[in-house]
Amino acid sequence: MFKFANPEYLYLLVLLAVLVGLHIYSNISHRRKLARYGEPELLARLMPDASEGRASLKFWLLAAAFGLCCLMLARPQFGSHQETVTRQGIETVIALDISNSMLADDVSPNRLEKSKRIVSNLVDRLENDKIGMIVFAGDAFVQLPITSDFVSAKVFLNTISPSLIARQGTDIRAAIELAVRSFTPNEGVGKAIILITDGENHEGGAVEAAQAAAEQGYIVNVLGVGLPSGTPVPVGDGSGNFRKDKDGNPVVSKLNESMCRDIAAAGKGSYFYVDNSNSAEKALLNELDKLAKADVETTVFTEFDEQFRGLAWIMLILVLFGALICESSNLKLKKFNLLKRSEDK
């Protein structure tokens, strides 16, 4: 992929086109005026110091340099760039529930999309930290290993849907245990697990897993998404139909706040109820700010790599080449004329 970071500077190329047009018009006009005084060959002999070729070469070299300067200011970018950076922050692993119940629309637009928006905002705010992502339903797996590459975090976030996991259900215990194994061995840095779920735990052992994580120094914060009163779960195919149980009744999913609170308490973290505002997000960020920060070195990839350096070198070479060629030619011509005049005398 290719782009210009500051494309507004490309408008300067219009000025270059105007200058080229004026140069061509000036040359044509100059030749017409000279033609009034006699034959071009005779005039060339009468004016040995004049060289239209050198002047034209100088203009085109400088015009090319100006064009490259415009492109350089526009900052052309393509490819990726890898670098190692040191940041002071914390480590956070987000465990996102992607079970079918997260398609319920008791928060706008639905529980899963609301959760993804919260994660996206967290990625923007945790700019000096390391972040990892786990998705879970009946199983849990790492969607993004812990990293400071926030560009990749946004890309992976956009691909999340319940279809990523074939086995449905809600195994919160597996998600917490996988999150614990996903942190780096770095010591002295605050480490937090952010569990985003509707609390419909079908497997058991979630509270015990949170307690074990806290004993190892990992704080478990929980974001509860949905309404305690519950709502029918859509099929997810856009048809407007709802999932039904074996008796043909609509499946109703309720936020299990009691479970969410118990998990947060066992994990020595906090529970936050997610509604259609961003109050839960702000409260969570305040809790994360309390964690200890430490220097963390990591390798990150930027989406685009700057390419203006090559243009800058070419522009400099063109300018120097034009100046040296034109000036050296004039000096040699003057020396030749002086020697010729001395011989004639």
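The values are calculated or read from the model by the stated rules, or taken from the named source; none is laboratory data. Here the structure is a predicted model, which is why all the values come from computation and not from measurement. For neighbour counting, all protein chains shown are included, and Cβ atoms are generated from backbone atoms with ideal geometry for every residue, glycine included. Areas reflect the complete protein model, heavy atoms only, side chains present, ligands, DNA and RNA absent. Shrake-Rupley method; radii C 1.70, N 1.55, O 1.52, S 1.80 Å.
Computed over protein heavy atoms with a 1.4 Å probe, the carbon and sulfur contribution to the accessible area of the stretch 97-159 reaches 46%. Are any of the pairs 114/282; 116/246; 154/254; 116/268; 130/293 more than 21 Å apart by Cα-Cα distance, and if so, which? With Cα atoms farther than 21 Å apart: 116/246; 154/254; 116/268. FRET efficiency for residue 161 and residue 289, Cβ-Cβ distance as r, R0 = 30 Å, nearest 0.05? Step by step, r from the Cβ atoms, then E = 0.45. Quick one: of the DSSP bridges fully inside the stretch 186-287, what percent are antiparallel, nearest 5? The antiparallel proportion sits near 30 percent. What is the local net charge at residue 160, summed over the other residues whose Cβ is closer than 14 Å to its Cβ (Lys, Arg +1; Asp, Glu -1)? With Lys, Arg at +1 and Asp, Glu at -1, the net is +3. Taking packing as the residue-averaged number of other Cβ atoms within 10 angstrom, the listed peptides 19-26, 145-152 run from highest to lowest as 145-152, 19-26. Peptides 63-70, 99-106 ranked from most to least packed by the mean count of surrounding Cβ atoms within 10 Å: 99-106, 63-70. Here the stretch 225-263 is scanned for amide nitrogen atoms under 14 Å from the site 7 Å beyond the Cα of residue 117 along Cα-to-Cβ, giving 226.
Between residue 14 and residue 56, full extension at 0.36 nm per residue minus the direct alpha carbon distance yields a gain of 13.1 nm.
Anisotropy class assigned to the stretch 80-182 is prolate, per the alpha carbon gyration tensor with a/c at or over the 1.5 cut-off and a/b larger than b/c. Ranked by the mean number of other Cβ atoms within 10 Å per residue, highest first, peptides 179-191, 110-122 order as 110-122, 179-191.
With contacts taken as Cα pairs under 8 Å and at least 6 residues apart, the stretch 94-253 reaches a relative contact order of 26 percent. Phi angles across the stretch 125-142 convert, under the Karplus curve 6.51 cos²θ - 1.76 cosθ + 1.60 with θ = phi - 60°, into 3J(HN,Hα) values of 8, 8, 5, 9, 10, 9, 9, x, 10, 10, 10, 8, 8, x, 10, 9, 8, 7 Hz, Gly and Pro given as x.
With R₀ set to 30 Å, the beta-carbon distance separating residue 154 from residue 108 gives a calculated FRET efficiency near 0.90.
Estimated at 0.36 nm per residue, the fully extended path between residue 23 and residue 125 surpasses their Cα-Cα distance by 31.4 nm.
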